[in-house]
Amino acid sequence: MAQRWVQTASEEGELLEDEMRQGVYVASTTDFLQAFLRLPDDDKTVERFELRHGKAYFATFGVLNHPDDDDDNDAENSEARAALYSTFVDAANAILGCCCDGNVHSYWVCRPESAPKSNDDSTAHIRPDAAAVLGDQRAYFRALEWLEQSEAIQMNDVIVSVLSYAEKHIEHFSETGEDVKGRIAQLKNLNGSGSSSESISNAVIELLEGLRNENSPAINSADPDHLVTRMRQAIKMLHNTLPIPVINQHCEGKLQRVGATECDADVNNNLLIRLEELSTLWWLRVTTPVEVRLTDSGDDQREGSVQLCRYMRQVLRAQPDRRYVFGLLLCDHKLLVLYCDRSGLMASMDWIDIRASPEQFIQVVVGLSTLDPEKLGWDKTMLLRLQTQNDKLVFAPSTDPRVKLEDYGSSVHDTQWAIFVPNSHSSDEGKWYATVRAISLSTAEVMVGRATSVWLVKELTDNKESVVPSAGRLVLKSGWGRVGITTEKEFHGDERLDHVGHILSSVTVGHPTFANIGVEGESLRGRLQTARRSWRAGFCDSDIVPVLRQLTFYMTTRDRKLKMEEHLTPRILTRTLMQTYGWPIEHFKDLEELLTVARDAVRGHRNLYFKNRVLQSDISINNMLVCPDDDEAGHTHGELIDLDYAKQAPGRLRYSKPSSLERFAGLVQMFVEEELQIEIGPLNPTFLATLMRRSQYCCSKIPTQLIKVYVGSPELMVNAVPNDQSDAEAIWSRIQDEMQLAFAHPTESCYEKWLLDPASRPPFWLDRSLRDTFDTKTGTVKFMSAELVEGNPWRTAYILGTASQRTDLSFGGPVHTAIHDMESVFWVVLYICLSRRGPGGARREETQWPTLETPHAGRVRRIIEALFDSPLETTVARNKRNLFENHKDFEVDVLPFIHPYFKPLETLLLRWFKLFQIAYRTYDDVGQGIIHDQVLDVLNDALKALPKQTDPEYDLMTKAELERRQRDLDQYANFSREPHTLSSSPVHNTTQSLVVRNSPHGTPAPLSTKRVAPVVEKSTPTAKPAKRLKIDPQVLSAVEDDGYPLWDTSPRRTRIMLWEL
């Protein structure tokens, strides 16, 4: 079993830097607080706080004696920061203790020495200094205050505290017996009745005993007259039984041991503080993360803002039902409030001076702890399924007091939700769908972008208590698209398209992140007036220079390649419902299915292209699906999905009618005779007609170009003869055969249809209305054509000297058209052949760590890194370009290293590669219309010639894959019966294979599962991100000696490389 990939702090920092290049927007602090954290006009928290704690409480807030900034004072700095954490948290919870109005849903904790836990094993182990977390613990914090007052505890306060806790307990568990309710009534009757302290004490203890869970120690009844002692014991138990946070099992054992020795009349007050510190913090429950710095210097502001944004990303990652998140940056006694939705980061313009303006600090704390969760970013159109309710479907907001950690799934993918899909854009009427499991959550954390999440779902009845039977499997995709863009449904249309994922609806939900000037309607940010500030490895209030307009910029990490936004872009949540479900092509069951799915994806792409004038624009492993024909996992077909980055042409190409046959024939004949130095005589009429159709009957440039290619590079012929010494006549005969094969399309009937029926022609992509898209290249970097990856001024056609006949070039270089998507299909299949070891999608042994360090394994890893997995997109692009410019390298340096299982596909891969060598050299308007048919011919021929495989090892892998699929289909069919069932579908992580995930509730992992030891990181935000592969000159020379040059700087020749690692 492969190790689980864990996102590192440096990798997360690199992602953050990419997203923040658009800058930060700031708004007046007063306006910011009024827009986001406005309290009711009758809120009296400030007055109550001053009455209880005095007006001077905040006069000494912060660091009074700053330690020197040198290495010798690290311990002193740590102590000062720890003190500041506690000061902040104590003040925030003291404020909550004075907040008697409203529904307090969050309290404040500090956990600087431990990373919050997550049910996603790949979460980066980073540690927020402090945080607001879900749970109303006012009764607990008041009790701590009372204990500090020793004997001065007021009997009425005791009753109010215990009653408050009891009512919260009943609200949480909702099944408390009548005896507990009777004890509540008894305690209420004792209040103000003049009863003795002993009577009230006994009533308190009895009530708390009635609420005690089985893991909590019983209250020692010794010394019944000592109210303080008994209250300390009661408060300890109160904390143990609080619904949130739950004490983990390790800490429970520790607490029980402590209780056995100290739970007597001599209880130490510090024990209660330690109990609070031992409670486990989960990213699932974080409301607002906090980063603390000792000073407000520029460096501390920048580094602190970077760390805080990492925490905010983790909140978005762990909580799929968050639309946006707040964060607090505390620098000494000054506070900055940050806000992030999928349009980017916004901050309060001026620092809140807690000493001078405590009322603003109180407003922030109370707002983040009491405001309606919807106003703090939670999505009311998503409800969590309470998985503790095994026998029925019960959904509630994740902020509901009833929610326990056990209500979440054993992993982030197995957590189940009810999601609302409107009938029309932003409508309040619609249907709810229950998620069976998540298919993809890989980009849920992004702060700028779509943040797409995909679920396998079933429709719910109106009361959400059962599911509606359906004929097909439903998939729901949710993401933050740009306001006003074409939806997937609009691209797809109402008509079903063969081998294209069928889209039922695409609708917007709620309000956009903001509204542009002059646009009416509500938005998440309201009508805040903002100014743009720069992000220079962090945010600093002194960096007031606006961000300069940047050139086209592309992300260099992970898979998605997006053009970064130069300006703030309004986004709106969009949900797309599809009636298509399957598994990524890498999870094929045998070679026949692999090629069939690739062929069907090409067919689907062609249907979109010709029928709807739509280019899919993002071919990848995850977008080419193996779809079951029925309930049998072995009967499948292929479908192409994901139109998020598609584009549509407004018009179609035009084609020429026949012109002079004699003149065309003469030009071709003259060229051949000059090139081969022979006399060929009149051309064969059938051959001539083929050439004329391919040339639109008007120009001999394409045929003469191909003849020149075959003469100069005969190895590019499909039926190439090694070291051919034939005479000129034999070579010309072979060239004619090759040209008949290369120009088999368009057929006579196809070209006639293009002439007579404009609706049958391919789309035209150089229309002026599409000019803004010429420079916008989208796709998954590892599978993209190098013509598209490289940005200006380097983006040029693959083959130099072919620009004169290509009709897909703008002033900025090649425009994204069909040939680039077809090339991506080739890279997908080649990637599978290089990186997988057979059916089911398991990675080959040479790519996994640890592995045998053999020359062959090293070459395999370097090829995959160079062509696909390098973190630098320029490395991927230039290596692919090198292959096209030095085509012989493919057969020598790449093809021999595919996994042995895929050896039957060698002929296919070589022919396919040669096809693109010819296609790019002859790509014109006709080429745009026939590239699909050319690729389909290659795949169909390969399927016909595919031999049967009978290897027992691979047969077992096929059997295991079919069994996994069947479990997956059964899980969908049996949904709602077993909410804790572990997902049987593969995790769609491009770098890792499927691993079993651990439950956040302490369920042990299977012994066979290898786990990565969690290493808590708090790296320097400005540190250079670590690269996955580092090569020094000695290694390079060693590879050269082994006969496998990574990079040859000779201007004559370049080969497979790892560029600039």
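Counting only residues that are of a type outside the set (Asp, Glu) and open to solvent by 80 Å² or more (accessible area, probe 1.4 Å), which one in the range 722-740 is nearest to Asn612 (Cα to Cα)?
By that ranking, first place goes to Pro722.
Among what's in the range 760-798 and is more than 19 Å from Gln616 (Cα to Cα) and open to solvent by 30 Å² or more (accessible area, probe 1.4 Å), pick the residue that is modelled with the lowest pLDDT.
In this case the residue turns out to be Pro793.
Within the range 375-396, can you find the residues that are under 24 Å from Leu37 (Cβ atoms) and without any contact (Cβ under 8 Å) to a residue 40 or more places away in the chain?
Within the range 375-396, just Lys380 meets the criteria.
Of all residues in the range 721-735, which are in a helix (DSSP H, G or I) and either modelled with pLDDT under 80 or among the aliphatic types (A, V, I, L, M) (or both)?
Applying the first criterion (in a helix (DSSP H, G or I)) to the range 721-735 yields 728-735.
The answer is Ala728, Ala730, Ile731, Ile735.
Among (1) closer than 21 Å to Lys914 by Cα; (2) open to solvent by less than 20 Å² (accessible area, probe 1.4 Å), which single condition is Leu688 missing?
Status for Leu688: all satisfied but (1).
Return the only residue of Thr574, Thr556, Thr569 being at pLDDT 80 or above, under 26 Å from Asp18 (Cβ atoms), β-branched (Val, Ile, Thr) and assigned to a loop (DSSP other than H, G, I, E, B).
Checking each option against the conditions leaves just Thr569.
Determine whether Gly298 is crowded, with 23+ Cβ neighbours inside 10 Å and either at pLDDT 95 or above or out of contact with any Pro (no Cβ under 6 Å at 6 or more places or on another chain) (or both).
Details: crowded, with 23+ Cβ neighbours inside 10 Å: no; either at pLDDT 95 or above or out of contact with any Pro (no Cβ under 6 Å at 6 or more places or on another chain) (or both): yes.
No; evaluated as a whole, the condition is false for this residue.
Looking only at the range 512-537, how many residues end up being surrounded by fewer than 18 Cβ atoms within 10 Å (Cβ to Cβ) and not small (Gly, Ala, Ser)?
Looking only at that region, the number is 9.
Kindly establish whether Leu676 is open to solvent by less than 20 Å² (accessible area, probe 1.4 Å) and either of a type in the set (Ser, Thr, Tyr) or over 29 Å from Gln579 (Cβ atoms) (or both).
no
Which pairs do you get when a residue that is within 22 Å of Ser976 (Cα to Cα), found in the range 425-449, comes within reach of a residue that is among the β-branched types (Val, Ile, Thr) and in a strand (DSSP E or B), reach meaning Cβ atoms under 6 angstrom, with the pair 6+ apart or on two chains?
Matching pairs, first to second residue: Gly430/Val421; Lys431/Val421; Tyr433/Ile419; Tyr433/Val457; Thr435/Val457; Ile439/Val454; Ser440/Val454.
Can you tell me which residues in the range 696-720 are polar (S, T, N, Q), within 48 Å of the chain's Cα centre (by Cα) and at pLDDT below 85?
Gln696
When only residues in the range 901-923 that are under 36 Å from the mean Cα position of the chain (by Cα) and open to solvent by 40 Å² or more (accessible area, probe 1.4 Å) count, which is nearest to Phe826 (Cα to Cα)?
Checking each candidate, the answer is Arg911.
Of all residues in the range 384-398 being polar (S, T, N, Q) and open to solvent by less than 30 Å² (accessible area, probe 1.4 Å), which is farthest from the chain's Cα centre (by Cα)?
Within the range 384-398, the match that is farthest from the chain's Cα centre (by Cα) is Gln387.
Give Val938, Val926, Val995, Val1015 a once-over and let me know the one that is open to solvent by less than 60 Å² (accessible area, probe 1.4 Å), among the aliphatic types (A, V, I, L, M) and at pLDDT below 90.
Val995
Does Pro896 satisfy the condition of being of a type outside the set (Ser, Thr, Tyr), open to solvent by 30 Å² or more (accessible area, probe 1.4 Å), more than 30 Å from Met692 (Cα to Cα) and not in a helix (DSSP H, G or I)?
No, not satisfied.
In the range 620-641, what residues are under 14 Å from Glu961 (Cα atoms), touching a strand residue (DSSP E or B) at 6+ places or on another chain (Cβ under 9 Å) and in contact (Cβ under 8 Å) with a residue 24 or more places away in the chain?
Hits for the range 620-641 are Val626, Cys627, Pro628, Gly634, Thr636.
Go through the range 401-432 and give me each residue that's open to solvent by 30 Å² or more (accessible area, probe 1.4 Å) and touching a helix residue (DSSP H, G or I) at 6+ places or on another chain (Cβ under 9 Å).
Matches in the range 401-432: Pro401, Arg402, Lys404.
Any residue in the range 858-878 that is more than 27 Å from the chain's Cα centre (by Cα) and open to solvent by 20 Å² or more (accessible area, probe 1.4 Å)?
Yes.
Between a residue in the range 699-727 that is within 16 Å of Asp924 (Cβ to Cβ) and any residue that is outside any helix (DSSP H, G or I) and of a type in the set (Val, Ile, Thr), which pairs come within a Cβ distance under 7 Å, given they are 6 or more apart or on different chains?
Ile702/Thr922; Gln705/Thr922; Leu706/Thr922
The values are calculated or read from the model by the stated rules, or taken from the named source; none is laboratory data. Here the structure is a predicted model, which is why all the values come from computation and not from measurement. Glycine also receives a Cβ, built like all others from the backbone with ideal geometry; neighbour counts cover every protein chain displayed. Remember, those area values only see protein heavy atoms, side chains included, never the ligands or the DNA or RNA. Shrake-Rupley method; radii C 1.70, N 1.55, O 1.52, S 1.80 Å.
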